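Okay, so here's the structure we're looking at.
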Amino acid sequence: MLTLLGYGMVIVFMTLIMTKRLSPLTALILIPTAFGLAGGFAPQLGKMMVDGITKLAPTGVMLMFAILYFAVMIDAGLFEPFVQRLVRLVHGDPMLVVVGTAALALLVSLDGDG
């Protein structure tokens, strides 16, 4: 029964967001609360919410820092020397372009923006 409740919550959540009836932030608050109440978890809902926030907050803060930090680094031109070196090294060789681009993407993707 809990599986159906979970799948139903995801379906309702995605439907409401994709049809633009709710903003993602509002839906993230209202839909799980409504399904938690419908599932009979009203007495434990507060504790579940606090536990979830406690477990996810450090990850959220870390991602926010990484995104802001690397955005500043990109704007400051930190990766420009890598790009210039990459262009010099590949000399138009398609295989080297692929490998070099993957290496550069690996470096730049460290900002955590997914």
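A short reminder: the numbers here are calculations on the coordinates, not readings from a lab. As the structure is a computational prediction, the values presented were derived from the model and not from experiment. Glycine also receives a Cβ, built like all others from the backbone with ideal geometry; neighbour counts cover every protein chain displayed.
Structural remarks
- Under the convention that each Lys and Arg Cβ holds +1 and each Asp and Glu Cβ holds -1, the size of the dipole of the chain around its Cα centre is about 340 debye.
- For the chain, complete DSSP H runs whose alpha carbons reach 20 Å or more along their own long axis and whose mean Kyte-Doolittle score is -1.0 or higher are 2-18, 24-38, 45-75, 94-108.
- Signed unit charges on C-beta, dipole axis of the chain, positive-most listed residue Val87, Gly77, Thr26: Thr26
- Nitroxide proxy distance, nm - points 7 Å out along Cα→Cβ at Arg21 and Phe79: 3.9
- Relative contact order of the chain, defined on C-alpha pairs under 8 angstrom at six or more residues apart (%): 23
- Label assignment, Rg and Dmax of the Cα atoms in Å derived from the structure, set (i) 21.8, 66; (ii) 15.3, 53; (iii) 15.4, 56: (i)
- Difference of contour (0.36 nm per residue) and Cα-Cα distance, Arg88 to Val72: 3.2 nm
- Efficiency of FRET between Leu104 and Met64 - r from beta-carbon atoms, R0 35 angstrom, step 0.05: 0.90
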